[in-house]
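Inspection log for the structure reproduced underneath, given as C-alpha cells.
The values are calculated or read from the model by the stated rules, or taken from the named source; none is laboratory data. Here the structure is a predicted model, which is why all the values come from computation and not from measurement. Reconstructed Cβ throughout: ideal geometry from the backbone, glycine too, with neighbour counts over all protein chains shown.
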Amino acid sequence: MTAEYQVKGAVAVITLNNPPVNGLGFATRSAVVAAMQTALNDDAIKAIVITGAGKAFSGGADIKEFNSPMALMEPSLHTVINMVENSTKPVIAAIHTVCMGGGLELALGCNYRVAAPGAQIALPEVKLGILPGAGGTQRLPRVLGLEMALNMIVSGTPVLSEKLVQTALFDALIDGDLMQGALAFANQVADVRPLPKVRDLKIDYPNYEAFLQFSRNTVKAMAGPFPAPLKCVEAVAAAVTKKFDDGMKFERSLFIELVQTTESKALRHAFFAERIAGKVPDVPADTPTRAIVTAAVIGAGTMGGGIAMNFANAGIPVKILEMKQEALDKGLATIRKNYENTMKKGKLTPEKCEQRIGLISGTLAYEDIAPADIVVEAVFEDMGVKEAVFKKLDEVMKQGAILASNTSTLDVDKIASFTKRPQDVIGTHFFSPANVMKLLEIVRGAKTGKDVLATTLALAKKLKKTGVVSGVCDGFIGNRMIEQYSRQAGFLLEEGCLPEQVDQAVEKFGFAMGPFRMADLAGNDIGWHIRKRRYIDKPEVTYSKTADLLCEMGRFGQKTGAGWYDYKAGDRKAYPAQVVNDMIVKHSAELRVERRKISDQEIVERLVYALVNEGAYILDEGIAMRASDIDMVYLTGYGFPLFRGGPMFYADTVGLLNVSMAMEKYAKGRNGSAWKPAPLLVKLAAEGKTFNG
Ligand code: 3H9
C-alpha cells in the first residue's frame, strides 16, 4: 500500500508510504482518496491526521510521471487536495523531515498543520522549470503573506519549520513525538466548527501593485533563459488580484504551459541524471566501502591545492606532499589566500576559515603520507612522472589505502600496473578550480576493486561533487569529447572565423564560455602538449595548426597575459588581439583557403554536434554507462547550458535525424574528414529513437 490507514481512538491516521520520499504518484493519490473515504464514512472517526512514513512527509508530486499520462490520471493532486479541503471532519497534516512541492500543497489543503522542528519546507518546483501547480501559488501567500511566499516560490529554497512557526502556515510546532502531538491536537480540534480553510484567508498587502512590479523587474533580470521564475510571479500576483478559484485556474494554465517547455524537461532530466550517475549496475548500493578518515595529495600546484581544499571543506585532514620546500610553501600560502578571500566575501566565518586551514598540512617526505586512507596524485601530466610517483606510493602507502590519480587523459590501467595493487588504483579527475567545480570524473580501471569504486562514489558525495563514472580511454568522457569540439573550433578559424565570433556564438547558445576564452583560462600549452603527443601517436588525425602557432608566439593564455585574446593586469576580461587575428588570416592564406562568412548556426552546430558524435562513440564503447552521465559531465564540468540539458539531451531535442543530416553536410565541406558519424547515432537516428530513451 502506498498509503496506510490506521485508527487511533477517534482519529484516523493516513500515512503516505511511497519510498523513497512519498512522491504523490497515481497509486499514492488513489490510496489517499480511498483512505479519506473510509475515514469520512466511519461515524466513530472525528478527525483525520495525514503524515508520511520514513524520511519525508512528502517530496511532492512524482516527477517521473510528468513525462507520462499518469500525471493527469484521476485522482489528480487537485482532486485529492479538494477532497481534503472539503472534508466534513478536520484534517491535520503532521509534517516532518521534508515537506515539498505537492506535499506542501497537500498540507495547505488541510485544515491544520503541525510540524516537527527541523522539517524542510519548500515549493521547489521552479528548480524543475515549473511552478507549484496544485494551489501552492494561491495558498502559500494566504498563510505567509505576499513577500515571504513569493521569495519561497521564486527561489525554491527550503525554510526550516521552526522559522515558520509564527506564521499561519503552522498551528503548532511539536517537540518530541510528532504523532502523539498530532493526535492530541486532533482530539482538541475535533469539534471545532467552522473548519478553517486556507483558501478563505485574505492577503493583506496594501501596496501590492508596486511590490509585484518590483518583483517582476528583479526576477526578470535574474531568470536568464528560464521562463518559470517570471511565471511564478504572475501566478502569485493572481493570488492577490483574482478570486481564489480563478487564481487556481490561472495557476493551472501556467503549470501546463511550463511543464511542456524544453527548459523544464532539461531540468527534470538533470535532476534524475544527477541521482542516477552515482549508481553502477554491478556495484550494488550495499557494496562495502572503506573508511576515509585522512587523505593525502601529491603536488601543491593549482590542482593539488584545490583538491586538498575539498578534503578540508569536508572536515577530512589532508597532507600535501611536494618535492621542494619552496613549492610547498607557495602552495600552502595560495590555499590560505583562497580561504581568506572567501572569508572576506563573507562566505566563511573566521573560525571556519582557520579550522579548514588547520586541516591542511604539508610534507616533503613520502613516509609522512603513508597512513592516509586515500592519496590523490596531482603531478605533471606525463606517464614517466606518474610511474615514479605510483611506484613510490606502492612502496610506502599502508595496505588498503586508495591510490587515486588526477590524470585528465592518461591510461589509468597503465598507471595501476606500476603498482602491485591495481585493485586499489582509480582515477579521480577533478576540474579546475577543483574547490569550486562540481564534477568529479571517476575513472574505473579494468582492475579497480568494486569497494574502491563504491568508496570513491561515496567520497564524491561527501565532497559535494557530482561523481560520474568513466571507463578508461584517452581523455575519458569530458576531455575526449572536448578534443573534437576544439578541433572544430580550430577549423573554423582556418575557414573564416575569428576567436571572438566563435566565442560569442557559443556563448549566445548558452555556454558559460566559448572555446577560445576557455582555452585562455585553462592554458593553451596544455592542448599543445596533447597535440604534440597526438602528432606522433595518431598522425592520421588532422588538427588546425593555428593553436600551435599561437603557442609558438608564447601566448599561453591568461597566465602569460596573452592568448587568443589580450589581457590587462588584474583583469580577466578578454580583449580581441590584432596580432592573433592577423596570424589567423595569414595562416588561412598560407593554406590557400578562401575565407568565407560563417553563420552562428554553423558554428554552434559544428561545435555541439562534434561533442554529440564523440559522446555517441563513448556510449557505444561503454566508456560512459548512460547518455545522461555524459550530460552530467558537460553540465557540471564544461559549462554546457543547463536549460539545454547537456549535449546528448540537446541532440535528442533537435532530433537525431536532424543532427546526423547536418553532420553529413559538414562532412562534405573543408575538413570534412573529421565527421565520421558514430554507428550508434546513425542507428538511433534511423530508428527514430533518442539517446536518453
Ligand atoms: C510538484 O510537486 C508539482 C506540483 O506542484 C504540482 C503537480 C500537479 N518525484 O535527492 P535524493 C527520488 S513537483 C520522484 O537523492 P535526499 C530521487 O530521484 C515536485 N522521485 O535524496 C531519488 O531516487 P533514487 C516538487 C523523487 O534525501 C530519491 O528520491 N518537489 C522525488 O538528498 C532520493 O532523492 C521537488 O522538487 C519526486 N518528487 O533529498 C523535490 N523527489 O533513490 C525534489 C525525490 O531512485 N526532491 N525523488 O535515486 C528533492 O529535492 C530531494 O530529493 C529531497 C530528498 C529533498 C526530497
Exercise. If we scan region 95-103, do we find a residue that is near the ligand (Cβ under 8 Å from one of its atoms), in a loop (DSSP other than H, G, I, E, B), surrounded by fewer than 22 Cβ atoms within 10 Å (Cβ to Cβ) and modelled with pLDDT of 95 or more?
Worked result: no
For this session: Kindly indicate whether L178 is touching a residue at least 24 places away in the same chain (Cβ under 8 Å) and under 17 Å from F57 (Cα atoms).
Result: yes
Exercise. Which pairs do you get when a residue that is of a type in the set (D, E, K, R), found in region 21-33, comes within reach of a residue that is part of a helix (DSSP H, G or I), reach meaning Cβ atoms under 9 angstrom, with the pair 6+ apart or on two chains?
Worked result: R29/L77; R29/T79; R29/V80
Exercise. Does region 546-558 contain any residue that is surrounded by fewer than 14 Cβ atoms within 10 Å (Cβ to Cβ), assigned by TED's automatic domain parsing to the domain that holds Y485 and touching a residue at least 24 places away in the same chain (Cβ under 8 Å)?
Worked result: no
For this session: Have a look at K337, K319 and point out the one that is in a strand (DSSP E or B) and either surrounded by fewer than 15 Cβ atoms within 10 Å (Cβ to Cβ) or of a type in the set (K, R) (or both).
Result: K319
Exercise. Does V654 qualify as being within 20 Å of R268 (Cβ to Cβ) and of a type in the set (V, I, T)?
Worked result: yes
Exercise. Any residue in region 567-579 that is on the phi > 0 side of the Ramachandran plot, without any contact (Cβ under 8 Å) to a residue 60 or more places away in the chain and over 28 Å from the mean Cα position of the chain (by Cα)?
Worked result: yes
Exercise. Just checking, which of V33, V21, V84, V49 is surrounded by 23 or more Cβ atoms within 10 Å (Cβ to Cβ) and in the same structural domain as Q166 (by TED's automatic domain parsing)?
Worked result: V49
Exercise. Where residues in region 455-478 are out of contact with any strand residue (DSSP E or B) (no Cβ under 8 Å at 6 or more places or on another chain) and in a helix (DSSP H, G or I), which of them is farthest from F511 (Cα to Cα)?
Worked result: A458
For this session: Could you please tell me which pairs satisfy a Cβ distance under 6 Å, a separation of 6+ or placement on different chains, a first residue in region 53-75 that is in contact (Cβ under 8 Å) with a residue 40 or more places away in the chain, and a second residue that is assigned to a loop (DSSP other than H, G, I, E, B) and more than 10 Å from the ligand (Cβ to nearest atom)?
Result: A53/N17; F57/H96
For this session: Only residues in region 196-223 that are touching a residue at least 12 places away in the same chain (Cβ under 8 Å) count as the first member; pair them with residues that are among the aromatic types (F, W, Y) and surrounded by 13 or more Cβ atoms within 10 Å (Cβ to Cβ), Cβ under 6 angstrom, at least 6 apart or cross-chain, and list the lot.
Result: R199/F244
Exercise. Out of all the residues in region 629-639, is one or more surrounded by 20 or more Cβ atoms within 10 Å (Cβ to Cβ), acidic (D, E) and part of a helix (DSSP H, G or I)?
Worked result: yes
For this session: Might you check whether a residue that is in a helix (DSSP H, G or I) and under 30 Å from K347 (Cα atoms) occurs anywhere in region 281-303?
Result: yes
For this session: Would you point out which residue out of G59, G129 is within 12 Å of the ligand (Cβ to nearest atom) and in contact with a strand residue (DSSP E or B) (Cβ under 7 Å, 6 or more places away or on another chain)?
Result: G59
Exercise. Any idea which residue in region 104-126 is farthest from F170 (Cα to Cα), counting only those that are under 23 Å from the mean Cα position of the chain (by Cα) and within 6 Å of the ligand (Cβ to nearest atom)?
Worked result: E125
For this session: Would you check if there is a residue in region 77-86 being of a type in the set (D, E) and under 16 Å from A34 (Cβ atoms)?
Result: no
Problem set entry | Among (1) at negative phi; (2) surrounded by fewer than 17 Cβ atoms within 10 Å (Cβ to Cβ); (3) out of contact with any Asp or Glu (no Cβ under 8 Å at 6 or more places or on another chain) - the single one F170 does not satisfy | (2)
Exercise. Here is a list of conditions, (1) under 30 Å from E257 (Cβ atoms); (2) within 15 Å of the ligand (Cβ to nearest atom); (3) modelled with pLDDT of 95 or more; (4) not basic (K, R), and M73 meets all of them except one; can you say which number that is?
Worked result: (3)
For this session: May I ask you to list the residues in region 597-624 that are basic (K, R) and surrounded by fewer than 24 Cβ atoms within 10 Å (Cβ to Cβ)?
Result: K597
Exercise. Looking at region 432-476, which of its residues are surrounded by 19 or more Cβ atoms within 10 Å (Cβ to Cβ) and at pLDDT below 95?
Worked result: A434, N435, G475
Exercise. If A44 passes every condition in (1) surrounded by fewer than 24 Cβ atoms within 10 Å (Cβ to Cβ); (2) near the ligand (Cβ under 9 Å from one of its atoms); (3) not aromatic (F, W, Y) but one, which one does it miss?
Worked result: (2)
Exercise. Can you pull out the helices (runs of 4 or more DSSP H) entirely within region 513-620 that have at least 1 residues that are in contact with a Gly (Cβ under 7 Å, 6 or more places away or on another chain) and closer than 29 Å to M632 by Cα?
Worked result: 515-522, 524-537, 546-552
Exercise. Does V452 satisfy being part of a helix (DSSP H, G or I), touching a helix residue (DSSP H, G or I) at 6+ places or on another chain (Cβ under 8 Å) and not assigned by TED's automatic domain parsing to the domain that holds Y666?
Worked result: yes
